[in-house]
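Down below is the structure, laid out as structure tokens.
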Amino acid sequence: MEKFIWAFLIGGGICVIGQLLLDGLKLTPAHTTCALVVVGAILGGLGLYDPLIKFAGAGASIPISSFGNSLVKGALNEYAGVGPIGVLTGIFEVTSAGISAAIIFGFMGALIFRPKG
């Protein structure tokens, strides 16, 4: 039960930060999303995001900031194994399933709901 509470608080806190960026700084949703991805990437590069995931579980692994962490983790892992070219390939190796799912489900949603924008 305690793990669920921490997941809720950490995940909710990340969402609150995003909402504060939207409302307080008048950032667009795209700017807010990019800011959260960059913060996740920085925290991942410093080795601070993985302990947060271990502590909060889905509260830290589901928000968009985790995507930035995954990008950096993939790049660093491939750099260690392959060298400098691994920075480019590692990014896509780790995140390709999520990117593909977003494209496929976005397309399916567009077919079903017929967006007008």
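The values are calculated or read from the model by the stated rules, or taken from the named source; none is laboratory data. Treat the numbers as computed from the prediction; the structure is a model and nothing was measured. Cβ: placed from backbone, ideal geometry, glycine included. Neighbour counts: every protein chain shown. With ligands, DNA and RNA removed, areas are computed over all heavy atoms of the protein, side chains included. Shrake-Rupley method; radii C 1.70, N 1.55, O 1.52, S 1.80 Å.
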Loop-located trypsin sites (Lys or Arg not before Pro) in the stretch 1-103, at most 15 other Cβ atoms within 10 Å (DSSP) = 26
task = Send over a whole-number figure in Å² for the accessible area per residue of the stretch 2-112, probe 1.4 Å.
result = 64
query = Carbon and sulfur atoms: what percent of the 1.4 Å accessible area of the chain do they account for?
reply = 77
request  = Quick one: compute the contact order of the chain, relative version, from alpha carbon pairs under 8 angstrom and 6+ residues apart, as a percent.
outcome  = 22
query = DSSP H helices in the chain with Cα extent of 30 Å or more along the helix axis and mean Kyte-Doolittle hydropathy at least 1.0?
reply = 2-24, 85-113
Reachable lysines from residue 3, criterion Cα separation under 21 angstrom, eight or more residues apart if same chain = 54
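For 50, 23, write out the residues from largest to smallest accessible area, computed with a 1.4 angstrom probe and no ligands counted.
Of 50, 23, the descending order of accessible area is 23, 50.
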